[in-house]
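Read through the structure below, which is laid out as structure tokens, and then see the notes.
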């Protein structure tokens with residue numbers, strides 16, 4: 001993209017951001033008069049915006065649109081924000097066609113349904129709609145509970161709610177609850193090593209586990225060397241060590257399938273050991289040696305209570321940090337009176353927020369609250385005076401979906417000189433910028449620092465820790481997800497803002513209706529927030545990680 005188109009794209013971003021002043025509008029007109037290429041770029045941009053509008057009206061999910069036509073934006077650390085729009089322009093026309101087709105299809109389907117005039121082909125089946133593609137995902141099970149888990153070096157760290165792919169699952173210590181898509185639930189005690197094969201089959205290399213298999217999951221099987229344990233609707237335990245394998249049936253029936261031998265049935269109260277040399281030996285059942293689901297749930301509640309107490313103790317120290325400008329813990333007593341109390345010490349009630357529309361919901365822990373932002377008007381209004389230099393913004397957020405072009409985390413109202421904007425694009429990119437000049441004055445544009453896309457559908461409804469640091473001396477911006485940096489970028493020297501300010505701002509939304517017809521940009525977050533912190537310093541990576549580890553639910 002040449003320099004003129006980059007300038008035009010920057011102005012169009014400001015236009016969409018509702019921060020383009022009269023001088024900027026005039027510059028757009030000058031560029032369009034001077035270049036046919038710019039006119040084509042502008043036309044494509046308008047098509048893209050129309051596609052987004054149709055998307056909102058069509059009933060398509062975000063993923064459906066992406067699969068239909070839109071490539072993911074490239075976000076290499078050395079690539080500027082010009083990469084957001086350029087690849088999308090090529091596909092924008094196709095998106096419009098797909099979405100228009102979707103709208104027409106929905107209208108037609110509704111009309112057909114209302115008259116019961118469903119036309120069938122000669123075989124009596126409804127003709128397939130080849131343009132409608134069903135969404136796909138991957139995985140054979142889901143991780144539903146972790147208690148004191150330490151992963152082995154070979155195992156990538158996993159979180160509750162993660163879908164598990166076929167492959168190795170290796171635990172050094174602790175307990176993990178895995179729910180297979182067939183309906184079987186397995187409680188695994190480390191050290192343990194399993195190879196997940198399908199939604200109905202896994203290989204156990206070592207470790208201890210307890211399986212609960214309802215009738216719907218009958219046939220769920222575990223392999224141990226050349227032996228297969230086939231469940232017939234039961235609850236059983238399996239322990240695999242170097243000495244051999246123990247199978248214990250606590251309720252129901254399992255079958256042992258052995259090579260060159262008839263299958264052997266075990267019923268309630270029976271147990272069998274297969275030694276390393278292949279010999280079978282009857283055992284006594286010892287159910288207390290295998291942790292069941294209810295016991296693990298109790299331990300999980302204890303772990304969560306411990307982590308909540310640890311977070312409370314840690315925030316007592318955090319609130320006294322001299323770099324902390326404003327801190328909101330979203331505790332229960334804050335929200336009932338429609339105020340969000342600033343909890344910095346010494347206390348400063350002038351920084352208390354006003355809750356508008358947002359609803360009180362459970363937070364990261366059952367005994368903690370959060371605010372849910374769902375409707376276009378939901379927000380928390382703040383007034384933060386003063387001037388600063390470097391900044392850190394951090395919050396715990398649960399995202400339900402990214403269904404806005406811009407999804408607000410923390411935005412100042414007017415976006416004047418020195419004011420930051422912190423939000424998430426619908427592509428799943430963290431977006432941070434600080435305005436270097438006053439609106440209407442000549443000067444460099446703001447640098448929009450974008451992370452790579454971090455969002456996956458499996459993250460929906462999960463608590464995430466997001467943070468961004470801005471160093472006003474060096475211009476370095478770093479985006480963090482769950483305590484780890486995912487992108488860093490140096491703002492060019494001429495665009496670095498030395499003095500930052502906040503003023504009137506909103507958590508979870510942007511702006512208040514100020515026009516005569518009360519129009520305002522719909523940029524509310526679709527999700528919940530239960531902690532927000534603003535620092536007048538760029539925190540170090542180890543400090544961000546400490547914040548995450550002490551707040552992890």
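Here are some notes:
- Separation in nanometres of the label points that stand 7 Å from Cα toward Cβ, at residue 313 and residue 195: 4.3 nm
- Residue-span extension gain [residue 35 to residue 414] - 0.36 nm each, minus C-alpha spacing: 133.3 nm
- Projecting label points 7 angstrom from Cα along Cα→Cβ for residue 401 and residue 3 puts them 4.4 nm apart.
- For the stretch 141-294, the C-alpha radius of gyration sits at 0.97 times the compact-globule guess of 2.2 N^0.38 Å, with N the residue count.
- Ordering of 5-13, 253-261, 380-388 by packing [mean C-beta count within 10 Å, highest first]: 5-13, 380-388, 253-261
- FRET efficiency for the residue 288 to residue 484 pair, using the beta carbon distance and R₀ = 25 Å, is estimated at 0.05.
- The stretch between residue 168 and residue 280, if pulled fully straight at 0.36 nm per residue, gains 37.5 nm over its current Cα-Cα span.
- Its relative contact order, with pairs defined as Cα atoms under 8 Å and 6+ residues apart, puts the stretch 324-551 at 29 percent.
- Modelled label positions at residue 350 and residue 21, each set 7 Å beyond Cα in the direction of Cβ, lie 2.7 nm from each other.
- Estimated FRET transfer efficiency (residue 366, residue 264; beta-carbon r; R0 41 Å; 0.05): 0.35
- Taking all Cα pairs closer than 8 Å and separated by 6 or more residues, the relative contact order of the stretch 141-294 comes to 15 percent.
- Extension gain (nm, one decimal) between residue 216 and residue 273, 0.36 nm per residue minus Cα-Cα: 17.8 nm
- Global geometry of the stretch 324-551, whether rounded, prolate or oblate, following the gyration tensor of its Cα atoms and the 1.5 cut on a/c: rounded
- FRET E, pair residue 322, residue 437, Förster distance 30 Å, beta-carbon r, rounded to 0.05: 0.50
A short reminder: the numbers here are calculations on the coordinates, not readings from a lab. None of the values given here were measured: they were computed from a predicted structure. Here the Cβ is made from the backbone with ideal geometry for all residues, glycine too, and neighbour counts use every protein chain on show.
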